[in-house]
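Contents: one structure, followed by commentary.
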Amino acid sequence: MEIEKIFKEAQDFLPINGTDYIEMYVGNAQQAAYFYRSAFGFQLKAYSGLETGNKTTVSYVLEQDKIRLVLTSSLVKDGPVNTFVNAHGDGVKVVALWVDNATKAWEETTSRGAESYLEPKTVSDENGSVVFSGIHTYGETVHIFVERSAYKGVFLPGFKAISDGFKTEPIGLKYVDHIVGNVKLGEMNKWCQFYEKVMGFTQLVSFDDKDISTEYSALMSKVMSNGNGRIKFPINEPAHGKRKSQIEEYIEFYNDAGVQHIAVATDDIIHTVSELRRRGVQFLNVPAVYYDTVTERVGEIDEDMKRLKELNILIDRDEEGYLLQIFTKPLVTRPTLFFEIIQRKGAQSFGKGNFKALFEAIEREQELRGTL
């Protein structure tokens, strides 16, 4: 598949078509699937478990437009899924990338220093075959390369189509915009270099502790992207502050580096967030005074500012246009993984003008948890 390269600095020796799926290891996949279906409007598409001959894990595959979540739990006392959940709580294990050639993707990355997670293998059923390979990245997070051009099934071999009669309305989520990783102090540059040297990405933007800080805490971040811009991985590390930053809190409870949040795109953030709030999803709140000066900062926008204020949606502008964004509170038991809802109206940035308000909102939550 030929996709236009928009970031010329990217070496792009590893062509990636997009995010194939995100797999979360969770304590109870059945209940987690119900949550993401009823709250976020995902549709149940496929299943693997005892009924499909899988004696060790159970997985539910959920879809909404181009977003695919896989929720996996263990069926046995020990094993890698339970080991992961015991250490980290519910969290992202796999960020799977859709490629044309999984064998070549593995060869390109491991030859440049990546640690192999899965050597290339072909798995088949009556619907065709899929080639997989994989590498380790920060913490216990892995990238699986998925080559699926010869497969016509519902998801992957070993999964069957499933419907239980429970239907929810999608809320307008379109695709994965970016996936953010938190790493330990001093490791941001190491992992940015990994994505540059091992995967051919380029750095889009960098934020230091002057950009992302409050009176009490700070972080630093760099955004890595592949050449076509379909895969963007911001990498965060803590910066020195008077108190514990959100990154330090994450690492304390997650017990390692890992995926902090998944940003999902919508074309109508007012509708999407209205539905999420109606369905009980909780968001970080910024003070009402944020909206007193936001028009001076971002200029005219198409959306109704009153509705944005009611929903607590943030706005920022760059040279290409503007964006609207909002962040959920943690969606899992530990104060770790959350979602961002984002609508881009031309902007290619990440909401730098909102960092201070967002950081202060996170600190208010940390204070309630007693972890600031």
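Couple of notes before you dig in:
- The GluC sites (Glu not before Pro) of the range 95-180 that meet both conditions, a loop assignment by DSSP and at most 12 other Cβ atoms within 10 Å of the site Cβ, are Glu115, Glu126.
- FRET efficiency for the Lys152 to Leu185 pair, using the beta carbon distance and R₀ = 45 Å, is estimated at 0.45.
- Mean-square fluctuations from a GNM of the chain, with a 10 angstrom spring cutoff on Cα atoms, peak among Thr272, Thr56, Thr110 at Thr56.
- Spin-label model distance (nm) - Arg334 vs Glu126, 7 Å beyond Cα toward Cβ: 4.2 nm
- Alpha-carbon centroid distance for the pair the range 219-273 / the range 3-49, whole angstrom: 16 Å
- Dipole magnitude of the range 18-161 about its Cα centre (Cβ charges: Lys, Arg +1; Asp, Glu -1), debye to nearest 20: 300 debye
- For the chain: relative contact order, % (alpha-carbon pairs under 8 angstrom, 6 or more apart): 16 percent
- Antiparallel %, DSSP beta bridges [both residues in the chain], to 5: 80 percent
- Computed extension gain for Lys309 through Asn54, at 0.36 nm per residue and net of the alpha carbon distance, reaches 87.0 nm.
- Neighbourhood net charge (10 Å Cβ-Cβ; Lys/Arg +1, Asp/Glu -1) for Ile144: -1
- Expressed as a whole percent, the proportion of Cα-Cα pairs in the chain lying more than 29 Å apart is 41%.
- When +1 charges are put on Lys and Arg Cβ atoms and -1 charges on Asp and Glu Cβ atoms, the dipole computed for the range 216-372 relative to its Cα centre reaches about 320 debye.
- Annotation: peptides 314-324, 295-305, ranked by per-residue average of other Cβ atoms within 10 Å with the highest first, follow the order 314-324, 295-305.
- Taking other C-beta atoms within 10 angstrom as a stand-in for reagent exposure, His240, His271, His88 fall in the order His240, His271, His88, fewest first.
- When +1 charges are put on Lys and Arg Cβ atoms and -1 charges on Asp and Glu Cβ atoms, the dipole computed for the chain relative to its Cα centre reaches about 620 debye.
- Listed residue (Leu69, Leu97, Gln260) projecting farthest to the positive dipole end of the chain, Cβ model: Leu69
- Projecting the Cα positions of Gly41, Asn82, Pro157 onto the charge dipole of the chain (unit charges on Cβ atoms of Lys, Arg, Asp and Glu, taken about the Cα centre) puts Asn82 furthest along the positive direction.
- Among the GluC sites (Glu not before Pro) found in the range 1-53, those both in a DSSP coil and sparsely packed, with 11 or fewer other Cβ atoms within 10 Å of their Cβ, are Glu2, Glu4.
- Where labels lie 7 Å past Cα in the beta-carbon direction, separation of Glu196 and Glu296 in nm: 3.8 nm
- Summed side-chain charge close to Arg37 - residues other than Arg37 whose Cβ falls under 12 Å, Lys, Arg +1, Asp, Glu -1: 0
- Segment His240-Lys160, length gained on full extension (0.36 nm per residue, minus Cα span): 23.9 nm
- Overall shape: prolate for the range 1-156, with the ratio a/c of the largest to smallest alpha carbon gyration tensor axis at 1.5 or above and a/b above b/c.
Computed from the coordinates by the stated procedures, all read-outs in this text should not be read as laboratory data. Remember, predicted model here, so these are calculated numbers, not experimental data. Here Cβ is always computed from backbone atoms with ideal geometry, including for glycine, and neighbour counts include all displayed protein chains.
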